[in-house]
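The values are calculated or read from the model by the stated rules, or taken from the named source; none is laboratory data. Everything quoted here is computed from the prediction, not taken from an experiment. Note that we place each Cβ from the backbone using ideal geometry, even for glycine, and neighbour counts take in every protein chain shown.
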Amino acid sequence: MYITMVSPELAPIAKVGGLADVVIGLSKDLVKKGHNVEIMLPMYQGMRYDMIRDMEEAYAELWVPRYAEWVPEKVFTGIVEGVRCYFFTCGNKFNRDEIYGYDDDMYRFVHFNRSVLEFMKKTDKSPDIIHCHDWQTGLVPVIMYDHYADTGMNKTRAVFTIHNIEHQGQCWFGEDLLASIGMDCGQYYRFDRLQDNIKHNMINLLKAGIIYSNFVTTVSPTYCKEIKESDGKGLEPTLNANSDKLGGILNGLDYEYWNPATDPYLELNYDIESFDKKFTNKGSLRYRLGLADEYRPIVACIARLVPQKGLHLIKHAIYQTLEKGGQFVLLGSSPDEAINEDFRRIANELSDNPNVYIEIGYNEELAHIIYAGSDMLLVPSIFEPCGLTQLIALRYGSVPVVRSTGGLADTVFDVDHSGKGFASSNGFSFCDVNEDGINSALNRAIECWFYHGENFMKLARNGMRCDYSWNNSGNDYVNIYNYIKAH
Ligand code: ADP
């Protein structure tokens, strides 16, 4: 099958969040399965150009509408991790320091959407599937069906993936936004089209992607259910009206990169057969962080420190773990300096305690060492579309302790409540977003480590046996592609 991904981000060259990992992970898996995949993304000034192979010009003068005129721009091409990519200059609109965060973000990305389709038309591309990701690409299916239906793309089907429904772009006045790429807004100001469900005089690009695509996915089945019921940030009616073409597919994890048997950052590599070597990594983690070398479990948390991640629960867990006799390691950072300051204050307050280590910052190497050296990984998110940290923890034999929401509910099975028992559960979970809630899981996990060590080991090993690689998720996407091609 011929699949074109359209994305605002791509790991490792242009990454802000998990979306970047999904696009490269899924694309690589589809290539491995024998499909023809290409990725379209904006040409950012700050991309990791050193990680793009064979960069060259793909189209010298692509004429794209800008209000009433047509203006020329360039398209480049290169290979990222074995996948063919196209980079759109869009009149230098992406020649800036950051990927997002500008007042004209809406204009920049609709321009990108229009350029992609114009390029596909001019180069006679007719993929089976065009797979778009998040609001930044929401207009692609709209433009394709309404303006390019009589080109080679008349058989192309569109898939749209919602990575986090909190991000819908800014609602914007449609007339000027669409006029900026030579389109007339009139027909789109309707509740069953692009009109925002709350601000009726504006349009919503995430909604555009949902309405105009042949299939819409979210990044886990439980998140899909949650956003239809009550967490859809205003889009619940749209999701429910389109529920027959909506489904959740779990994100995969890059099992080559995240592999304790080959991870170059670890003191000693290990796998399920040589689990004992994990304890060497625990020792070196303690040594590196200055933690006491005593008979205690290490509870870790690695997260962007944003409200979604359950900040008050993370804070509470630090003290609760110490009270229960454990050690706590936090690695995290926030875009909000006040939050970083708050955690630095806790670090200062506990600076004499040999059982706690808090690092505020982003540290890839340390993250690997923590996954390998910790006994448990805490993820107390308020909501979590999929979540990667619990998947990494499972792979590294660190038992996840999570709030049962979104992708966490789909991947972590509580030993006491999932009905699977010690034979096939892999962690501890809780529901209530309060101190009693988190205690109910954290206390059980720590007590299990102290008093039922054999059972705790079973959980860790069960986790290492789970398969959350891209292979399974890739198959699910292929099934959807085949389904919409046939209908
Ligand atoms: P989100 O995309 O919402 O931040 P995920 O769980 O999907 O959350 O992905 C988080 C990824 O970022 C994981 O790979 C995790 O190891 C990594 N990460 C988060 N915070 C840090 C940090 N401070 N230092 C190093 N890696 C981090």
Pull out all pairs, ordered by first then second residue, where Cβ-Cβ is under 6 Å, the residues are six or more apart or on different chains, the first lies in the stretch 352-368 and is assigned by TED's automatic domain parsing to the domain that holds Cys301, and the second is in a strand (DSSP E or B) and more than 8 Å from the ligand (Cβ to nearest atom). Asn355/Gln327; Val356/Phe328; Tyr357/Val329; Ile358/Leu330
If we keep just the residues of the stretch 98-133 that are touching a helix residue (DSSP H, G or I) at 6+ places or on another chain (Cβ under 8 Å) and of a type in the set (Lys, Arg), which is surrounded by the most Cβ atoms within 10 Å (Cβ to Cβ)? Arg114
Ile39: out of contact with any Ser or Thr (no Cβ under 8 Å at 6 or more places or on another chain), more than 16 Å from the ligand (Cβ to nearest atom) and β-branched (Val, Ile, Thr), yes or no? no
Residue that is farthest from the ligand (Cβ to nearest atom), among those in the stretch 396-434 that are touching a helix residue (DSSP H, G or I) at 6+ places or on another chain (Cβ under 8 Å) and among the hydroxyl-bearing types (Ser, Thr, Tyr): Ser424
Selection count where residues are part of a loop (DSSP other than H, G, I, E, B), of a type in the set (D, E, K, R) and within 17 Å of Val110 (Cα to Cα), scope the stretch 159-200: 3
Given the condition in contact with a helix residue (DSSP H, G or I) (Cβ under 6 Å, 6 or more places away or on another chain), assigned to a strand (DSSP E or B) and of a type outside the set (Val, Ile, Thr), answer yes or no: does some residue in the stretch 18-37 qualify? no
Output the number of the condition that Lys324 fails; it satisfies all remaining conditions of (1) away from the ligand (no atom under 12 Å from the Cβ); (2) closer than 24 Å to Thr411 by Cα. (2)
Which of (1) of a type in the set (Gly, Ala, Ser); (2) outside any loop (DSSP other than H, G, I, E, B); (3) surrounded by fewer than 16 Cβ atoms within 10 Å (Cβ to Cβ) does Gly78 not meet, given it meets every other one? (3)
Would you check if Leu330 is over 26 Å from the mean Cα position of the chain (by Cα), within 16 Å of the ligand (Cβ to nearest atom) and not small (Gly, Ala, Ser)? no
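Table: residues versus (1) modelled with pLDDT of 95 or more; (2) in the same structural domain as Val23 (by TED's automatic domain parsing).
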{"residue": "Ser424", "(1), (2)": "no, no"}
{"residue": "Gly427", "(1), (2)": "yes, no"}
{"residue": "Glu435", "(1), (2)": "yes, no"}
{"residue": "Arg444", "(1), (2)": "yes, no"}
{"residue": "Met457", "(1), (2)": "yes, no"}
{"residue": "Ala460", "(1), (2)": "yes, no"}
{"residue": "Val478", "(1), (2)": "yes, yes"}
{"residue": "Asn482", "(1), (2)": "yes, yes"}
Give the residues of the stretch 255-265 that are surrounded by fewer than 18 Cβ atoms within 10 Å (Cβ to Cβ), within 12 Å of the ligand (Cβ to nearest atom) and either assigned by TED's automatic domain parsing to the domain that holds Lys277 or under 22 Å from the mean Cα position of the chain (by Cα) (or both), sorted by residue number. Tyr257
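Is there a residue being crowded, with 16+ Cβ neighbours inside 10 Å, over 21 Å from Tyr396 (Cβ atoms), more than 16 Å from the ligand (Cβ to nearest atom) and touching a residue at least 24 places away in the same chain (Cβ under 8 Å) anywhere in the stretch 293-303? Please lay out each step first, then the result.
Looking only at the stretch 293-303, we keep the residues that are crowded, with 16+ Cβ neighbours inside 10 Å, and these are 296-303.
Of the ones still in play, those that are also over 21 Å from Tyr396 (Cβ atoms) are none.
No, because not a single residue in the stretch 293-303 is crowded, with 16+ Cβ neighbours inside 10 Å, over 21 Å from Tyr396 (Cβ atoms), more than 16 Å from the ligand (Cβ to nearest atom) and touching a residue at least 24 places away in the same chain (Cβ under 8 Å).
Among the residues of the stretch 336-395, which ones are of a type in the set (Asp, Glu), near the ligand (Cβ under 10 Å from one of its atoms) and crowded, with 20+ Cβ neighbours inside 10 Å? Let's see the steps before the verdict.
From the stretch 336-395, those of a type in the set (Asp, Glu) are 336-337, 341-342, 349, 352, 359, 364-365, 375, 384; that's our starting set.
Next cut, near the ligand (Cβ under 10 Å from one of its atoms) only: 359, 364-365, 384.
Glu384 - this is the single residue of the stretch 336-395 that is of a type in the set (Asp, Glu), near the ligand (Cβ under 10 Å from one of its atoms) and crowded, with 20+ Cβ neighbours inside 10 Å.
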Flag for Asn95 being surrounded by fewer than 18 Cβ atoms within 10 Å (Cβ to Cβ) and outside any strand (DSSP E or B): yes
With the condition kept exactly as written, say whether any residue in the stretch 132-154 is of a type in the set (A, V, I, L, M), modelled with pLDDT under 95 and in a loop (DSSP other than H, G, I, E, B). yes
